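The structure appears right after this line, and notes come after that.
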Amino acid sequence: KQLSQSGIKRVFVTTHYLGDKIKEHFGNGKDFGVEMSYIVEEQLLGTAGGVNLIPQQQSPILIVNGDILTDVDFRAMFAFHIEHHADLTMAVRQYEMQVPYGVVETDGWRVLNVVEKPTHNVFVNAGIYLIEPDVQKLVPRDQKFDMTDLIQLLLDRGRNVVSFPVWEYWRDIGQLTDYEQAQTDVKNGKL
């Protein structure tokens, strides 16, 4: 429904494990306001390998990992992608981690500074991407290929890869504890 509300009408789902269950739930997508097609990966092709199995597209392709729960504004991401003339736009999420120890900065064996239990803020891959149609052709056929491989390939070729920060709700629900937290978040109206 979120994809449909964002103006996306065609959805391709690559499946492998329990693909029949996914197809059974979503069907042809009509109940969700989209047209859904399914592509079975006979062997696991990684997070980007299945991109080359879908028909060649004429406009940017939105790729979302199947274990991501979010209410990111896909229209804003698309506008950002176009505005920055990107070959690939990667959604990123701010992640904070606190080191539970004092961090020692050194020059060889000489101590320069000690920072007690510092907090580091970094951007992490949010598992949501927009790629230009010609980028789709760079994904090798019938072999494992991850989005990080595609990003590195584009960077090595000097192509324009940009990051789009996600400030909306986002959760990777690939682990049971994160899935359970997502259930709680939905019940509490966070999504």
For this session: Report, by residue number, each residue of region 61-75 that is over 12 Å from Leu3 (Cβ atoms), open to solvent by 30 Å² or more (accessible area, probe 1.4 Å) and in contact with a helix residue (DSSP H, G or I) (Cβ under 8 Å, 6 or more places away or on another chain).
Result: Asn65, Leu69
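A quick yes/no check of all residues on (1) open to solvent by 60 Å² or more (accessible area, probe 1.4 Å); (2) modelled with pLDDT under 95; (3) closer than 18 Å to Asn65 by Cα:
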residue	(1), (2), (3)
Val135	no, no, yes
Arg141	yes, yes, no
Arg157	yes, no, no
Asn160	no, no, no
Pro165	no, no, yes
Ile173	no, yes, yes
Gln183	yes, yes, no
Problem set entry | Every residue from region 92-102 that is in a strand (DSSP E or B), open to solvent by 50 Å² or more (accessible area, probe 1.4 Å) and not polar (S, T, N, Q) | Arg93, Tyr95, Glu96, Met97
Problem set entry | Contacts under 6 angstrom Cβ, first residue in region 143-167 being in contact (Cβ under 8 Å) with a residue 40 or more places away in the chain, partner of a type in the set (Lys, Arg) and open to solvent by less than 90 Å² (accessible area, probe 1.4 Å), 6 or more apart | Val166/Arg93
Problem set entry | Failed criterion for His85 (all others in (1) free of Cβ contacts under 8 Å to residues at least 60 places away in the same chain; (2) open to solvent by 90 Å² or more (accessible area, probe 1.4 Å) hold) | (1)
Exercise. Before we move on, is Thr15 open to solvent by less than 30 Å² (accessible area, probe 1.4 Å), polar (S, T, N, Q), in contact (Cβ under 8 Å) with a residue 40 or more places away in the chain and within 18 Å of Ile128 (Cα to Cα)?
Worked result: no
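The values are calculated or read from the model by the stated rules, or taken from the named source; none is laboratory data. Computed from a predicted structure; not experimentally measured. So basically every Cβ, Gly included, is an ideal-geometry build from the backbone, and we count neighbours across all protein chains shown. Note: accessible area is taken over every heavy atom of the protein model, side chains too, but ligands, DNA and RNA are not part of it. Shrake-Rupley method; radii C 1.70, N 1.55, O 1.52, S 1.80 Å.
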